[in-house]
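For reference, the structure discussed in these notes is given below.
The values are calculated or read from the model by the stated rules, or taken from the named source; none is laboratory data. Remember, predicted model here, so these are calculated numbers, not experimental data. Please note: Cβ atoms are built from the backbone with ideal geometry, for glycine as well, and neighbour counts cover all protein chains shown.
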Amino acid sequence: MAAAAVLPRILLVDDDRELTSMVSEYLSRESFEIEVVHDGDAALARLATPGQAAPDLVILDVMLPGCSGLDVLRVLRTRESPPPVLMLTARGDDVDRIVGLELGADDYLSKPFNPRELVARMRAVLRRVSDRGLPHEPLLLGTLRLDPARHRVTQDGRAVELTGAEFRVLEVLIRAAGRIVSREQLTEQALGRRLELYDRSIDTHISNLRRKLRLGSAAQLEIRGIRGAGYLLTPPEEVVS
């Protein structure tokens, strides 16, 4: 007898009980295993429970009673091997969206949302995390080393802590080093979705990469913004001192 398929485990964190009931029912039909908690403290307690299987993805509302979604995200990013996080934000609330991305959210979705779009974004995040389609040999560029198999980045031998989305953006840029990559291509290849109007997620991730990698200085690397075209990661020999 064939073994039963293992369903992706999803932790849904939202204080809107009507919404969580509706979303849970929809996701169950889409072959996800759903667990629901209704506040940030309960989410952190669940994620810290010894012996309990970690979720494959956390869907996390920003606005929660007590410990907010952003507070939960801050705590998660201090832990080793945190699960990917898809943030739910109020429509048009750019501040929460940008802060969430800066703290390490893998993607975001504005409320109210279409359940089909939620599922599409969830599967895109899970597909990126599994990362089965790309070669896993380490990528080297100057003093920068990116190891896809270990999900690790070092610079001059110094470990650099990147979020999942930042890691994938950097990987796309390194693989295309010396060539311009459009914002559309970065969004599709690194974030797994199409670029939307007024979507500045890629720009936020690029800003974080420049800061964390100290690009343009001792790294002898630079991520250049090319107006109307995209971004270019320059190999060491192309950086003008």
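Among the residues of the range 99-120, count how many are at pLDDT below 90, assigned to a helix (DSSP H, G or I) and not small (Gly, Ala, Ser).
4
Taking the conditions exactly as written (farther than 16 Å from ASP14 by Cα and at pLDDT below 85), does PRO135 satisfy them or not?
Spelling it out, PRO135 is indeed farther than 16 Å from ASP14 by Cα and at pLDDT below 85.
Looking at ASP71, ASP96, ASP61 in this structure, which one is crowded, with 23+ Cβ neighbours inside 10 Å and either in contact (Cβ under 8 Å) with a residue 12 or more places away in the chain or in contact with an Asp or Glu (Cβ under 6 Å, 6 or more places away or on another chain) (or both)?
Of the residues listed, the single one that is crowded, with 23+ Cβ neighbours inside 10 Å and either in contact (Cβ under 8 Å) with a residue 12 or more places away in the chain or in contact with an Asp or Glu (Cβ under 6 Å, 6 or more places away or on another chain) (or both) is ASP61.
Please indicate, with yes or no, whether at least one residue in the range 129-144 is in contact with a Ser or Thr (Cβ under 9 Å, 6 or more places away or on another chain) and either within 26 Å of SER31 (Cα to Cα) or part of a strand (DSSP E or B) (or both).
yes
Conditions first: (1) buried (at least 18 other Cβ atoms within 10 Å of the Cβ); (2) of a type outside the set (S, T, N, Q); (3) modelled with pLDDT under 85; (4) under 20 Å from the mean Cα position of the chain (by Cα). LEU221 passes all but one, so which condition is the exception?
LEU221 satisfies all of (1) buried (at least 18 other Cβ atoms within 10 Å of the Cβ); (2) of a type outside the set (S, T, N, Q); (3) modelled with pLDDT under 85; (4) under 20 Å from the mean Cα position of the chain (by Cα) except (4).
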